[in-house]
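A.B. asks: Quick one: this structure, given as structure tokens, is what I'll be asking you about.
Every number in this text was worked out from the coordinates using simple rules, so none of it is lab data. All figures in this text were calculated on a predicted structure; none of them were measured in a lab. We place every Cβ from the backbone using ideal geometry, glycine too, and count neighbours over all the protein chains shown.
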Amino acid sequence: CLLTVRAEVLQKGDVADTSSQTQVFFDFAVTSGEGGASFDTAFFGSTAKTGAVLSSVDKGSGHFGGIVSADAVGDGWYEASLYTPISQSNIGLSPIQKTLDGTMNTDSARSLAMFGSPSGPFRY
């Protein structure tokens, strides 16, 4: 199956961010109660069509999944597409935006993980 996730990044004034000073990532996660180990096997067995599956990430005890970097595909849109054997539901998805300064450097203050509201439902 081909799994595609897209995000539009806008600058001040709702103008598409085409600056090349933004990076977008998608964090996929499940808990051990939602089939964590089998999700990890499927996730890290995925092949990227666009973007890239990053190497293993320590999500902490009882949490599984990984992070995919997205490719800029034009007009402020970022996309990650994976050929994947993932076939489960109740997968958490959090976008992460990182910006770069004029010399193409960054620091932790320039990264924003968007976890959303603490109120459910969160099923995708």
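A.B. asks: On a full-extension model of 0.36 nm per residue, what is the gain between Thr103 and Gln11, subtracting their alpha-carbon distance, rounded to one decimal in nm?
C.D. replies: Extra length available between Thr103 and Gln11 comes to 31.2 nm.
A.B. asks: Moving on to the next point. Can you pull a Stokes-Einstein diffusion coefficient for the chain at 20 °C (1.002 mPa s), Rh from Kirkwood over Cα pairs, as a whole number of µm²/s?
C.D. replies: 139
A.B. asks: Using a cut-off of 17 Å between alpha-carbon atoms, which lysines can reach Lys12, once sequence neighbours fewer than 8 places away in the same chain are excluded?
C.D. replies: Lys98
A.B. asks: With only alpha-carbon atoms in the gyration tensor, what are the semi-axes of the equivalent ellipsoid for the range 51-107, in Å, largest first?
C.D. replies: In descending order the semi-axes read 25, 17, 10 Å.
A.B. asks: Please work out the FRET efficiency for the pair Ser56 and Ser20, using the Cβ-Cβ distance as r and a Förster radius of 22 Å; give the result to the nearest 0.05.
C.D. replies: 0.20
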